[in-house]
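Working notes, beginning with the structure itself.
The values are calculated or read from the model by the stated rules, or taken from the named source; none is laboratory data. In this text the structure is predicted, and so the values were computed from the model without any measurement. Using ideal geometry, Cβ is built from the backbone for each residue, glycine included, and neighbour counts are taken over all protein chains shown. Note: areas computed on protein heavy atoms with side chains; ligands, DNA, RNA excluded. Shrake-Rupley method; radii C 1.70, N 1.55, O 1.52, S 1.80 Å.
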Amino acid sequence: MSQRLFCSGHDRCKNGCIYCFSDWSEGQYFGELSAAQAGDVSVVYPICDSEVLYQTEDFFARLSAYAEEAAHPVVFSISTKCPWTAAQLDRIERFNRTYASVIKLAVSFSALEHLPQTEPRALPFEGRLELLKELTRRDIPTNVLLKPLLPFIGGDEYRRLILRCVGLCRRFVVGDLYVSPGTPFFETYIAGRYPLLTKYSTWMEKEVTYVRHPDYEAILSAVGEAGGRVWESDLAMIRDSGPTPEADG
C-alpha cells in the first residue's frame, strides 16, 4: 500500500509565508471524507493548506473516526511551524496510543537566519528546535521538513540549519519550491533569476512550476555528512523507515 490522500483545511493558514502558493480554492476537506471513500490509502495528509491548530474540534473527531474505520493502519502526516501547548501534544500522544494509525508531526523549516523574513508570523527558529526536542522526548513520530529550499537562501545557511537540527532528529525530508508565475513573490524573488522547471503533480493533478535550489545536491549531501538521513519525499521516508523515529535503526 502506498497510495496517498491529500486534503485541505477550511481556514486559511495564518503564518504569512511569503512563498505560499496555496489559494484555498481547490482540494477536498478531510472532514467530508470517510475511510471507505478514501479506499486503499496508507498515508493521509489531512491538512496540507493550513495549520492543524487552526481547525475545529470536528477536525480532530474526524481523524479519530477515520482511524477507527480504516481497514489498515494509516499515517496521518502533518507538518507544522506553530507553537504547540503541552495539552495539545498530550492529545497527539493519546491518539497514537489509542489507534493502530499514528499522527506524525514534521517540523517545517525554509531558512535559519532569514525565517523572520520568509515566515513572518510562524514560530521562530529556536522555538521550532524546542518543539522538535519535545516531540522526540515524547516519542511522537517526527522529522525535519526542509521544504521549500528557497533558491535565494545560501547553501551555507542551510548547512548551519542542518547542524542545528540533526542532534535532535536524524530524519530529513527535502523539497523544491513551488511557484505561481505572476504573483508578487514570483516577480520579486524568482522571475529572471532562476530557471523554471515543470512536473506533473499527482496530488494536485496538474502540471506545476518549481525552482530547484542551486546547491540542491550539496544540501542533500550535507545531511548525510552531519549524520542524518535524507529523503526527497515524505512518502519515500515512510516507505523506507516507517513513521516513527525508532525505525531509523
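Name the one entry in Asp176, Asp234, Asp156 that is of a type in the set (D, E, K, R), closer than 19 Å to Ser108 by Cα and touching a Pro at 6+ places or on another chain (Cβ under 7 Å). Spell out how you get there, then give the answer.
Values: Asp234 fails: touching a Pro at 6+ places or on another chain (Cβ under 7 Å); Asp156 fails: touching a Pro at 6+ places or on another chain (Cβ under 7 Å).
Matching residue, one of Asp176, Asp234, Asp156: Asp176.
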Run Ser233 past the list (1) open to solvent by less than 50 Å² (accessible area, probe 1.4 Å); (2) within 23 Å of Ile18 (Cα to Cα); (3) in contact with an Asp or Glu (Cβ under 9 Å, 6 or more places away or on another chain); (4) at pLDDT 90 or above and report the number of the one that doesn't hold. (3)
For residues in the stretch 54-81 being under 21 Å from the mean Cα position of the chain (by Cα) and more than 29 Å from Pro148 (Cβ to Cβ), which is most open to solvent (accessible area, probe 1.4 Å)? Pro73
Please give the number of the condition Tyr45 fails out of (1) within 30 Å of Ile153 (Cα to Cα); (2) open to solvent by 30 Å² or more (accessible area, probe 1.4 Å); (3) aromatic (Phe, Trp, Tyr). (2)
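Do the conditions hold for Gly127, that is, is it on the phi < 0 side of the Ramachandran plot, modelled with pLDDT of 95 or more, open to solvent by 40 Å² or more (accessible area, probe 1.4 Å) and in a helix (DSSP H, G or I)?
Numbers: on the phi < 0 side of the Ramachandran plot: yes; modelled with pLDDT of 95 or more: yes; open to solvent by 40 Å² or more (accessible area, probe 1.4 Å): no; in a helix (DSSP H, G or I): yes.
No; evaluated as a whole, the condition is false for this residue.
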Could you list, in sequence order, the residues of the stretch 205-226 that are open to solvent by 40 Å² or more (accessible area, probe 1.4 Å) and either touching a Ser or Thr at 6+ places or on another chain (Cβ under 9 Å) or assigned to a loop (DSSP other than H, G, I, E, B) (or both)? Glu205, Glu207, Arg212, Pro214, Asp215
Would you confirm whether any residue within the stretch 93-113 is closer than 26 Å to Val166 by Cβ, at pLDDT below 95 and open to solvent by 60 Å² or more (accessible area, probe 1.4 Å)? no
